[in-house]
Amino acid sequence: MTFEVLLNQVIGETLTVSICRFGPELIVSATILVLLLNRLFGIDRWVAPYWTTLIGCMIALGYATNQYLLLQQGTLPAGEYFTGLMMFDGFTVFLRIFLLLFLILVTVLTVLSGIPDLEDGPDFYTLLLGSTIGMMIMSGANHLLMLFIGIEMTSVPSYAMVGFLKGRRQSSEAALKYVVYGAGAAGVMLYGISLIAGMLGTGDMPLIAERIGQLTGTASNFESPLVRTLMLAIVMVFVGLSFKLSLVPFHFWCPDAFEGASAEVAGYLSVASKAAAFGLLIRFCLALTGTIEGAASSPIYLFLGLAIGFVAMVTATFGNLAAYAQTNVKRLLAYSTIAHAGYMLMAVAAMMVLLNAPSGAGLTSFERQELAAKSIEGLLFYLVVYLFMNLGAFAIVALIRNEIYSEEISDYKGLARQTPVLCVCMVICLVSLIGIPPMAGFFGKLFVFASVFQSAKVHWAMWVVFLVGAINTVFSLYYYLQVLKTMFLDERPEGARTIDIPLNPSGWYVIFVTAPLLLLILCTEQLTQTARTVAAGLFL
């Protein structure tokens, strides 16, 4: 094949297939371009930048939703694009819809809370949209190169958004810490990627399992130098993913970044980066196990699944226990975010253990994949619920901050008497974060714990993960209820700032965000079915 033929083939595939599948990211990129041009020519003085952002996001959301419907109908086939660098399937499109919907909700929150102002709006929304593009790339990455590019495209705008509150030393300090930790994690991850690509001769994720099998041959334990080197490289990649997920011991940036950033940015990072990173983690884990029987039953990957379960236990326990001593509500929610990352990671651990069940477990290849798909189904359900309960909590913090100019828990005393709507919505959000029925958060944890329960039948160590997860739910009761006790039972101090947020747009927004935590009970089956379809598509 000549270079000219190859070039024409690549251009033809890009124009006819890849651009169509990459449509939502292109629309968001075009929105960024419009924001910059509006800033350049002064049009943003008449057209508020948030309108440009909202319109662009809604168009992208509509495009992604249409892609999902066409996928379900079979009109638009799944497959690789951009010469195999990206993957287009139901999982990718589901996460696109998730991220774009969340981006719209966050943008509306920034309009209601007044951060950013009109002068800084184009810069802020450009960073917000740019970070979201990186997350969308993460959800569909099919090559180690795109894995790294997606994470870095997400991280760099996030550093700037954390330090966006100009003139605040705490905000600048948090952003600097975030940059330093992020640079270190990125360097370790990049070295791991170079090791994997160098040893296997490819960065194509669908080929990784096959190349590992060819390289190691019959070696299936840590006595082989090749296996040890590969495991070291895999762990290095996990370092970068753990940083984005704020897993212990790579969580140090999270509390400081959340406390220093505005509540709007903290809410965005707590949900969007988690969803994209979990999507990428799932793809990377599936790339390791592959579809061939030898890789799918490797004791090395069974050990890796147990190690992930151990990290999940430690993360959930540390997040919950560290939250006890917090006096700042954003810092408390940061540790809550760490704990919930631990809960969700348990589903990934269960998937790895089930996929790599030994022959003595009595599971066929089909049964292993079906149970593993249920683990992903539970994780996707959890993410959807987590979107509303975490965004609702941070939205309430942002709106209260605008009234009392404080984010300390002690300043929340007696707020229920002055703004009952916000406080009742906070009850719904925090009770759902705990996982108390009949809130939607209960069903999210139930599905994740059910997958851990199934994996415990494969290896006894997962019983420990299951038990620790259940105990941590009890641990979380104290610090969540402590916030509610302060708001409802404590008396408002004399001379404290008053707060009055009636059913204006801000009040209706909070109700709109928290209502799904109650209404999801009525449509649990529909959401579960959607998650089941998306998860099953990963194993086709």
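Residues in the range 73-92 that are aliphatic (A, V, I, L, M) and closer than 15 Å to A535 by Cα: A78, M87.
Every listed requirement among (1) more than 19 Å from V239 (Cβ to Cβ); (2) surrounded by 22 or more Cβ atoms within 10 Å (Cβ to Cβ); (3) of a type outside the set (D, E, K, R) is met by Q170 save one, (2).
Residue under question is L176, and the condition is that it be more than 21 Å from the chain's Cα centre (by Cα), under 12 Å from W253 (Cα atoms) and among the aliphatic types (A, V, I, L, M); does it hold? So L176 fits the description; yes. Among residues of the range 159-176 that are under 18 Å from L129 (Cα atoms), those with a Cβ under 7 angstrom from a residue that is surrounded by fewer than 18 Cβ atoms within 10 Å (Cβ to Cβ), sequence gap 6+ or separate chain, pair up as G163/S172. Within the set F258, F303, F284, F318, the sole residue that is in a helix (DSSP H, G or I) and free of Cβ contacts under 8 Å to residues at least 24 places away in the same chain turns out to be F303.
If a residue has to be modelled with pLDDT under 90 and among the aromatic types (F, W, Y) to count, how many in the range 40-87 make the cut? Total meeting the criteria: 4. Exactly one residue among I436, I428, I404 is without any contact (Cβ under 8 Å) to a residue 40 or more places away in the chain and out of contact with any Pro (no Cβ under 9 Å at 6 or more places or on another chain), and that residue is I436. Restricted to the range 59-169, the set of helices (runs of 4 or more DSSP H) holding at least 3 residues that are within 18 Å of I19 (Cβ to Cβ) and under 20 Å from the mean Cα position of the chain (by Cα) comprises 90-113, 121-140. Residue count for the range 94-130 under the criterion of being crowded, with 24+ Cβ neighbours inside 10 Å and free of Cβ contacts under 8 Å to residues at least 24 places away in the same chain: the result is 0. Return the pair list, or none, for Cβ contacts closer than 9 Å from residues in the range 190-217 that are in contact (Cβ under 8 Å) with a residue 24 or more places away in the chain and in a loop (DSSP other than H, G, I, E, B) to residues that are surrounded by 17 or more Cβ atoms within 10 Å (Cβ to Cβ) and of a type outside the set (G, A, S), at least 6 apart or on different chains. The qualifying pairs are G203/H143; G203/L144; G203/M146; G203/L147; G203/I193; G203/I196.
With respect to being of a type in the set (V, I, T), under 16 Å from C285 (Cβ atoms) and buried (at least 16 other Cβ atoms within 10 Å of the Cβ), I212 fits the description.
The values are calculated or read from the model by the stated rules, or taken from the named source; none is laboratory data. Computed from a predicted structure; not experimentally measured. Here Cβ is always computed from backbone atoms with ideal geometry, including for glycine, and neighbour counts include all displayed protein chains.
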